[in-house]
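This report refers to the structure that appears directly beneath it.
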Amino acid sequence: MSLADEVAAAHAGHPNPAALVGEFRRTSVLVPVVNDSLMSAELTGIRWLYAFSDEQELARFAVSRGAGPATELPYVRAVGARLLDVVIPAIEGPAGVVLDSGSEQGMVFPPVSGIVPDSVAVDLAEPDEAGDRPGVPAAGGAA
């Protein structure tokens with residue numbers, strides 16, 4: 001199945017996580033660029049890179065953020081594997097990818113083992129002196 005098919009299956013309640021991640025890794029996505037940096041946002045201590053499945057999804061996102069329909073948001077093309085295996089480890093602190101942000105078919109690829117390299121997976125990180133794992137909310141904390 002294609003990435004779009006795997007995302008649709010997950011949203012329909014029939015996820016195949018390994019196939020979903022595999023298709024993301026093989027698929028070329030669009031990553032918006034702002035001020036010579038890949039567009040991202042931070043939420044709950046995790047840096048999320050934005051990626052889009054096609055120009056229509058990217059344009060919809062730009063309009064939702066207040067850009068006019070004729071305004072183009074510059075982007076680069078990257079294969080999902082390159083984002084997960086090269087870009088994510090180069091970011092200081094935990095980072096993941098959100099695909100088609102704000103879309104009904106949006107999907108997140110969090111910084112956990114099986115998605116990102118083990119060296120940057122938050123579920124494999126060594127606890128700090130307080131017993132907390134970097135980038136993971138403490139037990140009882142807001143997620």
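Quick note: the coordinates plus some simple rules give every number you see, no bench work behind them. Note that the structure is predicted; figures quoted are calculated from it, not measured. Note that each Cβ is placed from the backbone with ideal geometry, even for glycine, and that neighbours are counted across all protein chains shown.
Numbers at a glance
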quantity: Residue-span extension gain [Glu104 to Asp54] - 0.36 nm each, minus C-alpha spacing; calculated: 16.5 nm
quantity: Modelled FRET efficiency - R0 25 Å, Leu43 with Ala9, Cβ distances, 0.05 increments; calculated: 0.45
quantity: Computed lengthening from Ala67 to Ala19, 0.36 nm per intervening residue step minus Cα-Cα distance; calculated: 13.9 nm
quantity: Kirkwood hydrodynamic radius (C-alpha pairs) into Stokes-Einstein, segment 28-120, 25 °C and 0.890 mPa s, D in µm²/s; calculated: 182
quantity: Sparsely packed trypsin sites (Lys or Arg not before Pro) within segment 57-112, loop by DSSP, other Cβ within 10 Å at most 16; calculated: Arg65
quantity: Label point distance in nm, Asp85-Ser119, each placed 7 Å from Cα along Cα→Cβ; calculated: 1.3
quantity: Amide H contacts under 5 Å for Val33, placed H, 5+ residues apart; calculated: Met39, Tyr75, Val76
quantity: Least to most buried among Ile88, Ile46 (fewest other Cβ within 10 Å first); calculated: Ile46, Ile88
